[in-house]
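Reviewing the structure listed below.
The values are calculated or read from the model by the stated rules, or taken from the named source; none is laboratory data. Bear in mind that the values here come from a model prediction, so they are computed numbers and not experimental data. Glycine gets a Cβ as well: all are built from the backbone with ideal geometry, and neighbour counts include every protein chain shown. Areas reflect the complete protein model, heavy atoms only, side chains present, ligands, DNA and RNA absent. Shrake-Rupley method; radii C 1.70, N 1.55, O 1.52, S 1.80 Å.
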Amino acid sequence: MSGGGANAMWGGRFGRGPEAIMEAINASISYDKRLAPQDIAGSRAHAAMLAAQGIITEADAQAIDTGLQQVLAEIEAGDFAFSAALEDIHMNVESRLTQIIGPAAGRLHTARSRNDQVAVDFRLWVRDQCDTAIEGLTRLMRAFLVQAEAGADWVMPGFTHLQTAQPVTWGHHMLAYVEMLARDRGRFMDARARMNECPLGAAALAGTSFPIDRARTAAALGFDRPTANSLDSVSDRDFALEYLSAASICALHLSRFAEELVIWSSAQFRFVRLSDGFSTGSSIMPQKRNPDAAELLRAKIGRILGANIALMTVMKGLALTYSKDMQEDKEQVFDAADTLNLSLEVMEGMVRDMSANRDALEAAASSGFSTATDLADWLVRELGLPFREAHHVTGALVKMAEDAGCDLPELTLEAMQSVHQDITGAVFDVLGVHNSVASRTSYGGTAPENVRAQIVRWAEVLG
(Lines give C-alpha, C1' and ligand atoms only; values in the text may rest on other atoms or scores of the structure.)
Protein backbone atom coordinates (compact mmCIF):
# COMPACT_ATOMS: atom_id res chain seq x y z
CA MET A 1 0.00 0.00 0.00
CA SER A 2 2.96 2.29 0.19
CA GLY A 3 6.01 3.31 -1.78
CA GLY A 4 7.52 1.13 -4.54
CA GLY A 5 6.10 0.03 -7.88
CA ALA A 6 5.41 2.15 -10.97
CA ASN A 7 2.22 4.08 -11.35
CA ALA A 8 1.06 7.13 -13.27
CA MET A 9 -0.10 8.65 -9.99
CA TRP A 10 3.45 8.85 -8.62
CA GLY A 11 5.53 8.19 -11.67
CA GLY A 12 8.20 10.75 -12.67
CA ARG A 13 11.07 8.65 -11.31
CA PHE A 14 10.50 5.66 -13.62
CA GLY A 15 10.94 5.44 -17.38
CA ARG A 16 8.48 2.62 -17.96
CA GLY A 17 5.67 0.82 -16.18
CA PRO A 18 5.91 -2.42 -14.22
CA GLU A 19 5.75 -5.89 -15.68
CA ALA A 20 2.30 -7.48 -15.52
CA ILE A 21 3.52 -10.02 -12.96
CA MET A 22 4.86 -7.17 -10.79
CA GLU A 23 1.49 -5.46 -11.00
CA ALA A 24 -0.17 -8.68 -9.85
CA ILE A 25 1.96 -9.03 -6.72
CA ASN A 26 2.04 -5.30 -6.00
CA ALA A 27 -1.68 -4.53 -6.20
CA SER A 28 -3.80 -4.78 -3.06
CA ILE A 29 -7.06 -3.30 -4.32
CA SER A 30 -8.74 -6.72 -4.50
CA TYR A 31 -8.97 -6.75 -0.72
CA ASP A 32 -8.08 -3.30 0.63
CA LYS A 33 -11.14 -1.82 -1.07
CA ARG A 34 -12.84 -2.77 2.18
CA LEU A 35 -11.07 0.23 3.68
CA ALA A 36 -12.89 2.70 1.41
CA PRO A 37 -15.11 4.22 4.13
CA GLN A 38 -12.15 4.66 6.46
CA ASP A 39 -9.92 5.99 3.69
CA ILE A 40 -12.47 8.60 2.69
CA ALA A 41 -13.17 9.57 6.30
CA GLY A 42 -9.45 10.12 6.86
CA SER A 43 -9.14 12.16 3.66
CA ARG A 44 -12.08 14.37 4.55
CA ALA A 45 -10.61 15.08 8.00
CA HIS A 46 -7.20 15.78 6.45
CA ALA A 47 -8.59 18.18 3.84
CA ALA A 48 -10.61 20.09 6.45
CA MET A 49 -7.50 20.43 8.61
CA LEU A 50 -5.37 21.63 5.67
CA ALA A 51 -7.92 24.37 4.95
CA ALA A 52 -8.19 25.37 8.61
CA GLN A 53 -4.40 25.73 8.71
CA GLY A 54 -4.32 27.79 5.52
CA ILE A 55 -2.35 25.13 3.67
CA ILE A 56 -5.03 24.76 0.96
CA THR A 57 -7.92 27.09 0.14
CA GLU A 58 -11.41 26.67 1.54
CA ALA A 59 -12.69 26.35 -2.03
CA ASP A 60 -10.35 23.44 -2.77
CA ALA A 61 -11.20 21.79 0.56
CA GLN A 62 -14.93 22.06 -0.18
CA ALA A 63 -14.48 20.63 -3.66
CA ILE A 64 -12.42 17.77 -2.23
CA ASP A 65 -15.01 17.03 0.45
CA THR A 66 -17.91 17.05 -2.00
CA GLY A 67 -16.00 14.89 -4.43
CA LEU A 68 -15.02 12.37 -1.74
CA GLN A 69 -18.64 12.03 -0.67
CA GLN A 70 -19.54 11.28 -4.29
CA VAL A 71 -16.80 8.65 -4.51
CA LEU A 72 -18.08 6.97 -1.34
CA ALA A 73 -21.64 7.00 -2.67
CA GLU A 74 -20.48 5.34 -5.89
CA ILE A 75 -18.59 2.67 -3.96
CA GLU A 76 -21.52 1.95 -1.66
CA ALA A 77 -23.88 1.74 -4.64
CA GLY A 78 -21.58 -0.70 -6.43
CA ASP A 79 -20.98 1.76 -9.28
CA PHE A 80 -17.25 2.27 -8.73
CA ALA A 81 -14.76 0.68 -11.14
CA PHE A 82 -11.75 -0.45 -9.11
CA SER A 83 -8.48 -0.70 -11.04
CA ALA A 84 -5.58 -3.02 -10.21
CA ALA A 85 -3.32 -0.71 -12.20
CA LEU A 86 -3.90 1.90 -9.49
CA GLU A 87 -2.66 -0.59 -6.89
CA ASP A 88 -4.69 0.23 -3.80
CA ILE A 89 -7.75 1.93 -2.36
CA HIS A 90 -5.90 5.22 -1.84
CA MET A 91 -4.91 5.62 -5.46
CA ASN A 92 -8.27 4.41 -6.73
CA VAL A 93 -10.09 7.01 -4.65
CA GLU A 94 -7.69 9.81 -5.58
CA SER A 95 -7.88 8.97 -9.28
CA ARG A 96 -11.68 9.08 -9.27
CA LEU A 97 -11.61 12.28 -7.22
CA THR A 98 -9.40 13.84 -9.90
CA GLN A 99 -11.91 12.86 -12.56
CA ILE A 100 -14.69 14.51 -10.57
CA ILE A 101 -13.09 17.78 -9.40
CA GLY A 102 -9.94 18.16 -11.50
CA PRO A 103 -6.51 19.40 -10.37
CA ALA A 104 -7.71 20.40 -6.89
CA ALA A 105 -7.70 16.69 -6.03
CA GLY A 106 -3.92 16.76 -6.19
CA ARG A 107 -3.81 19.06 -3.17
CA LEU A 108 -5.35 16.40 -0.93
CA HIS A 109 -2.05 14.57 -0.55
CA THR A 110 -0.26 17.64 0.81
CA ALA A 111 1.49 16.85 4.12
CA ARG A 112 0.50 13.20 3.87
CA SER A 113 1.93 9.89 2.67
CA ARG A 114 0.35 6.60 1.84
CA ASN A 115 2.25 5.33 4.86
CA ASP A 116 0.31 7.35 7.42
CA GLN A 117 -2.80 7.11 5.24
CA VAL A 118 -2.95 3.32 5.38
CA ALA A 119 -1.98 3.36 9.05
CA VAL A 120 -4.99 5.50 9.93
CA ASP A 121 -7.33 3.59 7.58
CA PHE A 122 -6.38 0.23 9.04
CA ARG A 123 -6.49 1.48 12.60
CA LEU A 124 -9.99 2.87 12.07
CA TRP A 125 -11.12 -0.43 10.56
CA VAL A 126 -9.68 -2.56 13.37
CA ARG A 127 -11.17 -0.20 15.93
CA ASP A 128 -14.58 -0.80 14.34
CA GLN A 129 -13.99 -4.56 14.58
CA CYS A 130 -13.26 -4.24 18.29
CA ASP A 131 -16.64 -2.50 18.68
CA THR A 132 -18.35 -5.26 16.69
CA ALA A 133 -16.73 -7.97 18.83
CA ILE A 134 -17.70 -6.17 22.05
CA GLU A 135 -21.32 -5.96 20.89
CA GLY A 136 -21.37 -9.62 19.80
CA LEU A 137 -19.86 -10.78 23.08
CA THR A 138 -22.40 -8.78 25.07
CA ARG A 139 -25.27 -10.45 23.22
CA LEU A 140 -23.72 -13.89 23.72
CA MET A 141 -23.20 -13.26 27.43
CA ARG A 142 -26.87 -12.35 27.75
CA ALA A 143 -27.82 -15.61 26.03
CA PHE A 144 -25.75 -17.61 28.52
CA LEU A 145 -27.30 -15.60 31.32
CA VAL A 146 -30.81 -16.63 30.20
CA GLN A 147 -29.73 -20.28 30.27
CA ALA A 148 -28.18 -19.84 33.73
CA GLU A 149 -31.33 -18.29 35.13
CA ALA A 150 -33.52 -21.08 33.76
CA GLY A 151 -31.41 -23.77 35.42
CA ALA A 152 -29.94 -22.04 38.46
CA ASP A 153 -30.71 -25.05 40.67
CA TRP A 154 -30.60 -27.87 38.11
CA VAL A 155 -27.90 -30.38 39.03
CA MET A 156 -25.45 -31.82 36.56
CA PRO A 157 -22.07 -33.53 36.77
CA GLY A 158 -18.99 -31.36 36.96
CA PHE A 159 -16.08 -32.98 35.16
CA THR A 160 -12.34 -33.21 35.40
CA HIS A 161 -10.57 -35.27 32.73
CA LEU A 162 -14.12 -35.72 31.32
CA GLN A 163 -14.75 -37.97 34.32
CA THR A 164 -17.52 -37.24 36.81
CA ALA A 165 -15.99 -35.22 39.62
CA GLN A 166 -18.58 -33.36 41.72
CA PRO A 167 -22.14 -32.24 41.12
CA VAL A 168 -22.60 -28.64 40.04
CA THR A 169 -25.55 -26.64 38.80
CA TRP A 170 -26.42 -25.97 35.17
CA GLY A 171 -26.57 -22.28 36.01
CA HIS A 172 -23.06 -22.37 37.43
CA HIS A 173 -21.73 -24.04 34.29
CA MET A 174 -23.38 -21.43 32.06
CA LEU A 175 -21.96 -18.62 34.18
CA ALA A 176 -18.47 -20.03 33.71
CA TYR A 177 -18.75 -19.00 30.06
CA VAL A 178 -20.13 -15.60 31.00
CA GLU A 179 -16.92 -15.04 32.99
CA MET A 180 -14.71 -16.18 30.10
CA LEU A 181 -16.54 -14.04 27.58
CA ALA A 182 -16.39 -11.07 29.93
CA ARG A 183 -12.60 -11.31 29.92
CA ASP A 184 -12.69 -11.55 26.12
CA ARG A 185 -14.83 -8.44 26.02
CA GLY A 186 -12.39 -6.70 28.34
CA ARG A 187 -9.47 -7.61 26.08
CA PHE A 188 -11.19 -6.01 23.09
CA MET A 189 -12.00 -2.95 25.19
CA ASP A 190 -8.37 -2.69 26.31
CA ALA A 191 -7.09 -3.15 22.77
CA ARG A 192 -9.46 -0.51 21.49
CA ALA A 193 -8.32 1.99 24.11
CA ARG A 194 -4.66 1.38 23.29
CA MET A 195 -5.11 1.68 19.53
CA ASN A 196 -7.17 4.87 19.77
CA GLU A 197 -4.33 7.18 18.74
CA CYS A 198 -4.19 8.79 15.31
CA PRO A 199 -1.14 8.23 13.05
CA LEU A 200 -2.34 10.69 10.40
CA GLY A 201 0.24 13.44 9.99
CA ALA A 202 3.25 11.20 10.54
CA ALA A 203 3.60 11.37 6.73
CA ALA A 204 6.11 8.96 5.20
CA LEU A 205 8.08 8.46 8.42
CA ALA A 206 9.52 11.74 9.71
CA GLY A 207 6.51 14.01 10.02
CA THR A 208 6.06 17.06 7.78
CA SER A 209 7.30 20.65 7.51
CA PHE A 210 3.77 21.91 6.84
CA PRO A 211 2.06 23.53 9.86
CA ILE A 212 -0.54 20.79 10.30
CA ASP A 213 -2.81 20.31 13.31
CA ARG A 214 -2.69 16.64 14.19
CA ALA A 215 -4.90 17.07 17.24
CA ARG A 216 -7.65 18.37 14.95
CA THR A 217 -7.59 15.35 12.63
CA ALA A 218 -7.35 12.98 15.59
CA ALA A 219 -10.46 14.50 17.17
CA ALA A 220 -12.33 14.54 13.85
CA LEU A 221 -11.78 10.79 13.49
CA GLY A 222 -12.74 9.96 17.08
CA PHE A 223 -9.21 9.30 18.36
CA ASP A 224 -8.13 10.28 21.85
CA ARG A 225 -4.90 11.88 20.67
CA PRO A 226 -2.34 11.79 17.85
CA THR A 227 0.45 9.23 18.01
CA ALA A 228 3.62 10.65 19.57
CA ASN A 229 6.34 9.24 17.31
CA SER A 230 6.21 9.41 13.53
CA LEU A 231 8.49 6.40 13.04
CA ASP A 232 6.36 4.20 15.26
CA SER A 233 3.17 5.58 13.70
CA VAL A 234 3.81 4.18 10.23
CA SER A 235 5.82 1.08 11.09
CA ASP A 236 3.91 -0.86 13.71
CA ARG A 237 0.85 -3.05 13.51
CA ASP A 238 0.60 -4.09 17.13
CA PHE A 239 -2.96 -2.77 17.22
CA ALA A 240 -3.90 -5.43 14.65
CA LEU A 241 -1.88 -8.07 16.48
CA GLU A 242 -3.62 -7.21 19.73
CA TYR A 243 -7.00 -7.55 18.02
CA LEU A 244 -5.97 -10.94 16.61
CA SER A 245 -4.68 -12.08 20.00
CA ALA A 246 -7.97 -11.17 21.67
CA ALA A 247 -9.86 -12.81 18.82
CA SER A 248 -7.80 -15.99 19.18
CA ILE A 249 -8.52 -16.32 22.89
CA CYS A 250 -12.19 -15.58 22.29
CA ALA A 251 -12.36 -18.19 19.53
CA LEU A 252 -10.69 -20.67 21.89
CA HIS A 253 -13.50 -20.13 24.40
CA LEU A 254 -16.13 -20.57 21.70
CA SER A 255 -14.39 -23.74 20.58
CA ARG A 256 -14.43 -25.18 24.10
CA PHE A 257 -18.17 -24.69 24.46
CA ALA A 258 -18.71 -26.01 20.95
CA GLU A 259 -16.90 -29.19 22.00
CA GLU A 260 -19.18 -29.50 25.02
CA LEU A 261 -22.22 -29.12 22.78
CA VAL A 262 -20.95 -31.86 20.49
CA ILE A 263 -20.54 -34.18 23.48
CA TRP A 264 -23.71 -33.13 25.30
CA SER A 265 -25.98 -33.49 22.27
CA SER A 266 -24.85 -37.07 21.61
CA ALA A 267 -27.21 -39.98 22.26
CA GLN A 268 -24.86 -41.16 24.99
CA PHE A 269 -25.17 -37.92 26.99
CA ARG A 270 -28.50 -36.34 25.97
CA PHE A 271 -27.71 -33.28 28.10
CA VAL A 272 -28.91 -30.81 25.48
CA ARG A 273 -30.93 -30.71 22.31
CA LEU A 274 -29.83 -28.29 19.63
CA SER A 275 -32.57 -26.65 17.60
CA ASP A 276 -33.30 -27.72 14.04
CA GLY A 277 -31.87 -24.42 12.89
CA PHE A 278 -28.39 -25.43 14.06
CA SER A 279 -28.44 -29.16 13.28
CA THR A 280 -28.22 -31.17 10.08
CA GLY A 281 -29.24 -34.66 9.04
CA SER A 282 -27.33 -37.55 7.53
CA SER A 283 -27.50 -38.43 3.86
CA ILE A 284 -27.78 -42.13 4.72
CA MET A 285 -28.79 -42.46 8.39
CA PRO A 286 -32.25 -40.99 8.99
CA GLN A 287 -31.96 -41.07 12.79
CA LYS A 288 -29.00 -38.68 12.91
CA ARG A 289 -29.05 -35.09 14.19
CA ASN A 290 -25.57 -33.77 13.59
CA PRO A 291 -24.28 -30.76 15.56
CA ASP A 292 -22.58 -29.37 12.46
CA ALA A 293 -22.74 -25.74 13.57
CA ALA A 294 -20.95 -26.60 16.81
CA GLU A 295 -18.35 -28.64 14.95
CA LEU A 296 -17.66 -25.79 12.55
CA LEU A 297 -17.34 -23.34 15.44
CA ARG A 298 -14.93 -25.74 17.10
CA ALA A 299 -12.69 -25.49 14.04
CA LYS A 300 -12.89 -21.74 13.43
CA ILE A 301 -10.10 -20.99 15.89
CA GLY A 302 -7.72 -22.50 13.34
CA ARG A 303 -8.35 -19.65 10.92
CA ILE A 304 -8.17 -16.95 13.57
CA LEU A 305 -5.08 -18.28 15.32
CA GLY A 306 -3.49 -18.82 11.91
CA ALA A 307 -4.06 -15.17 11.08
CA ASN A 308 -2.44 -14.16 14.35
CA ILE A 309 0.65 -16.25 13.67
CA ALA A 310 0.81 -15.10 10.04
CA LEU A 311 0.85 -11.41 10.94
CA MET A 312 3.38 -11.94 13.72
CA THR A 313 5.58 -13.70 11.18
CA VAL A 314 5.21 -10.81 8.72
CA MET A 315 6.19 -8.23 11.33
CA LYS A 316 8.84 -10.08 13.29
CA GLY A 317 11.97 -9.02 11.36
CA LEU A 318 11.12 -5.61 9.90
CA ALA A 319 13.55 -2.77 10.53
CA LEU A 320 11.94 0.64 10.96
CA THR A 321 9.98 2.00 9.30
CA TYR A 322 7.65 0.95 6.48
CA SER A 323 8.38 -2.05 4.25
CA LYS A 324 6.17 -3.47 1.55
CA ASP A 325 5.91 -6.65 3.61
CA MET A 326 3.31 -4.78 5.63
CA GLN A 327 0.89 -4.90 2.72
CA GLU A 328 0.40 -8.50 3.86
CA ASP A 329 -1.13 -7.28 7.11
CA LYS A 330 -4.74 -6.99 5.98
CA GLU A 331 -6.07 -10.17 4.42
CA GLN A 332 -5.44 -12.19 7.57
CA VAL A 333 -7.12 -9.60 9.77
CA PHE A 334 -10.07 -9.24 7.42
CA ASP A 335 -10.62 -13.00 7.37
CA ALA A 336 -10.18 -13.36 11.13
CA ALA A 337 -12.65 -10.57 11.84
CA ASP A 338 -15.23 -12.03 9.46
CA THR A 339 -14.76 -15.44 11.05
CA LEU A 340 -15.03 -14.17 14.61
CA ASN A 341 -18.10 -12.04 13.93
CA LEU A 342 -19.88 -14.96 12.27
CA SER A 343 -18.84 -17.31 15.08
CA LEU A 344 -20.21 -15.03 17.78
CA GLU A 345 -23.50 -14.67 15.93
CA VAL A 346 -23.86 -18.42 15.39
CA MET A 347 -22.94 -19.26 18.98
CA GLU A 348 -25.47 -16.76 20.28
CA GLY A 349 -28.17 -18.44 18.20
CA MET A 350 -27.19 -21.90 19.38
CA VAL A 351 -27.14 -20.90 23.05
CA ARG A 352 -30.49 -19.13 22.82
CA ASP A 353 -32.16 -22.03 21.01
CA MET A 354 -30.68 -25.02 22.86
CA SER A 355 -32.76 -26.82 25.46
CA ALA A 356 -31.20 -28.64 28.41
CA ASN A 357 -32.51 -32.05 29.46
CA ARG A 358 -32.95 -31.58 33.20
CA ASP A 359 -33.66 -35.26 33.91
CA ALA A 360 -30.61 -36.48 32.02
CA LEU A 361 -28.43 -33.90 33.74
CA GLU A 362 -29.63 -34.96 37.18
CA ALA A 363 -29.30 -38.66 36.45
CA ALA A 364 -25.72 -38.14 35.32
CA ALA A 365 -24.97 -35.96 38.34
CA SER A 366 -26.08 -38.77 40.64
CA SER A 367 -23.78 -41.34 39.07
CA GLY A 368 -20.07 -41.90 39.23
CA PHE A 369 -19.78 -41.38 43.00
CA SER A 370 -20.00 -37.64 42.48
CA THR A 371 -20.60 -36.94 46.19
CA ALA A 372 -17.44 -38.69 47.37
CA THR A 373 -15.79 -35.36 48.17
CA ASP A 374 -18.83 -34.37 50.23
CA LEU A 375 -18.40 -37.57 52.21
CA ALA A 376 -14.72 -36.85 52.80
CA ASP A 377 -15.52 -33.28 53.87
CA TRP A 378 -18.17 -34.60 56.28
CA LEU A 379 -15.67 -36.97 57.87
CA VAL A 380 -13.29 -34.05 58.42
CA ARG A 381 -15.94 -31.67 59.66
CA GLU A 382 -18.02 -33.98 61.83
CA LEU A 383 -15.54 -36.64 62.97
CA GLY A 384 -12.43 -34.50 63.03
CA LEU A 385 -10.44 -36.82 60.78
CA PRO A 386 -7.37 -35.44 59.02
CA PHE A 387 -8.27 -34.96 55.37
CA ARG A 388 -5.83 -37.60 54.17
CA GLU A 389 -7.43 -40.19 56.47
CA ALA A 390 -10.89 -39.05 55.38
CA HIS A 391 -9.77 -39.43 51.76
CA HIS A 392 -8.65 -43.01 52.49
CA VAL A 393 -11.93 -43.91 54.25
CA THR A 394 -13.97 -42.43 51.42
CA GLY A 395 -11.93 -44.35 48.84
CA ALA A 396 -12.69 -47.58 50.68
CA LEU A 397 -16.42 -46.76 50.73
CA VAL A 398 -16.35 -45.94 46.99
CA LYS A 399 -14.75 -49.31 46.31
CA MET A 400 -17.38 -51.00 48.49
CA ALA A 401 -20.18 -49.31 46.55
CA GLU A 402 -18.54 -50.09 43.22
CA ASP A 403 -18.23 -53.77 44.17
CA ALA A 404 -21.88 -53.78 45.24
CA GLY A 405 -23.00 -52.11 42.02
CA CYS A 406 -24.57 -49.15 43.81
CA ASP A 407 -23.85 -45.49 44.52
CA LEU A 408 -22.68 -44.09 47.87
CA PRO A 409 -26.13 -43.00 49.15
CA GLU A 410 -27.35 -46.57 48.62
CA LEU A 411 -24.86 -48.10 51.04
CA THR A 412 -26.29 -49.02 54.42
CA LEU A 413 -25.11 -47.31 57.58
CA GLU A 414 -23.85 -50.65 58.82
CA ALA A 415 -21.74 -51.09 55.70
CA MET A 416 -20.24 -47.67 56.17
CA GLN A 417 -19.51 -48.30 59.84
CA SER A 418 -17.59 -51.42 58.87
CA VAL A 419 -15.06 -49.07 57.32
CA HIS A 420 -15.20 -46.44 60.07
CA GLN A 421 -17.23 -47.12 63.19
CA ASP A 422 -17.91 -43.45 64.05
CA ILE A 423 -19.94 -42.72 60.91
CA THR A 424 -23.54 -41.81 61.81
CA GLY A 425 -26.79 -41.56 59.90
CA ALA A 426 -26.21 -37.82 59.52
CA VAL A 427 -23.83 -38.65 56.68
CA PHE A 428 -26.78 -39.25 54.35
CA ASP A 429 -27.68 -35.58 54.59
CA VAL A 430 -24.64 -34.70 52.46
CA LEU A 431 -24.70 -37.57 50.00
CA GLY A 432 -27.54 -36.39 47.76
CA VAL A 433 -26.52 -34.26 44.77
CA HIS A 434 -28.94 -31.47 45.69
CA ASN A 435 -27.52 -31.35 49.20
CA SER A 436 -24.04 -31.32 47.71
CA VAL A 437 -24.56 -28.32 45.44
CA ALA A 438 -26.52 -26.43 48.10
CA SER A 439 -23.57 -26.77 50.50
CA ARG A 440 -21.06 -25.16 48.10
CA THR A 441 -21.71 -21.65 49.31
CA SER A 442 -18.13 -20.33 49.27
CA TYR A 443 -17.73 -17.31 47.01
CA GLY A 444 -17.62 -18.53 43.43
CA GLY A 445 -19.17 -21.87 44.42
CA THR A 446 -21.97 -23.72 42.68
CA ALA A 447 -24.74 -23.30 45.29
CA PRO A 448 -27.99 -22.10 43.68
CA GLU A 449 -28.05 -19.05 45.95
CA ASN A 450 -24.60 -18.10 44.65
CA VAL A 451 -25.69 -18.65 41.07
CA ARG A 452 -28.73 -16.42 41.45
CA ALA A 453 -26.62 -13.69 43.05
CA GLN A 454 -24.17 -13.82 40.14
CA ILE A 455 -27.04 -13.68 37.65
CA VAL A 456 -28.29 -10.49 39.30
CA ARG A 457 -24.78 -9.03 39.22
CA TRP A 458 -24.24 -9.81 35.53
CA ALA A 459 -27.70 -8.58 34.58
CA GLU A 460 -26.76 -5.20 36.09
CA VAL A 461 -23.38 -5.19 34.34
CA LEU A 462 -24.83 -6.03 30.93
CA GLY A 463 -27.84 -3.71 31.31
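Between 0 and 90 degrees, the angle of helix 372-383 with respect to the longest Cα principal axis of the chain falls at about 60 degrees. Residues M315, M354, M400, sorted by accessible area with the largest first, give M400, M315, M354 [1.4 Å probe; ligands and nucleic acids excluded].
Taking chymotrypsin sites (Phe, Trp or Tyr not before Pro) in DSSP loop states with no more than 12 other Cβ atoms inside 10 Å as exposed sites, the chain has its longest site-free stretch at 15-442. Taking Cα extents along the principal axes in Å as calculated from this structure, the corresponding entry among (1) 60, 50, 47; (2) 61, 57, 42; (3) 99, 53, 39 is (3). Per atom type, the chain shows carbon and sulfur on 53% of its accessible surface, probed at 1.4 Å.
Simple rule: put +1 on each Lys or Arg Cβ and -1 on each Asp or Glu Cβ in the range 367-462, find the dipole, and look at L411, S442, F369; the Cα lying farthest toward the positive end is S442. The alpha-carbon of K316 sits under 23 angstrom from the alpha-carbons of these lysines, leaving out residues fewer than 8 places away in its chain: K324, K330. Hey, with R₀ at 35 Å, roughly what FRET efficiency would T132 and Q62 work out to, going by the Cβ-Cβ distance, to 0.05? Calculated transfer efficiency: 0.60. Take the Cα of A404, step 7 Å toward its Cβ, do the same at A299, and the gap between the two points is 4.9 nm.
Placing +1 on the Cβ of every Lys and Arg and -1 on the Cβ of every Asp and Glu, with no other charges, gives the range 323-393 a dipole of roughly 400 debye about its Cα centre. Any idea what angle helix 89-101 forms with the longest principal axis of the chain, computed on alpha-carbon atoms, 0 to 90 degrees, nearest 10? So the helix axis and the longest Cα principal axis differ by about 40 degrees.
Calculate, for S439 and D276, the FRET efficiency according to 1/(1 + (r/R0)^6) with r their C-beta to C-beta distance and R0 41 Å; round to the nearest 0.05. FRET efficiency, S439 to D276: 0.55. In a simple Cβ point-charge model (Lys, Arg +1; Asp, Glu -1; nothing else charged), the chain has a dipole of about 940 debye relative to its Cα centre. Charging the Cβ of each Asp and Glu at -1 and of each Lys and Arg at +1, and nothing else, the dipole of the range 367-462 about its Cα centre rounds to 400 debye. Segment A426..Q99, full-extension length gain: 108.8 nm, with 0.36 nm per residue of separation and the alpha-carbon distance subtracted.
Give the angle, between 0 and 90 degrees and rounded to the nearest 10, that separates the Cα long axis of helix 387-404 from the longest principal axis of the Cα atoms of the chain. Compared with the principal axis, the helix lies near 70 degrees.
Rounded to the nearest 0.05, the FRET efficiency derived from the C-beta distance between M22 and H161 at R0 = 56 Å is 0.50.
Rounded to the nearest 5, what is the percent of antiparallel bridges among the DSSP beta bridges in the chain? Roughly 80 percent of the beta bridges in the chain run antiparallel, per DSSP. Surface exposure of the chain, expressed per residue as accessible area with a 1.4 Å probe, stands at 45 Å².
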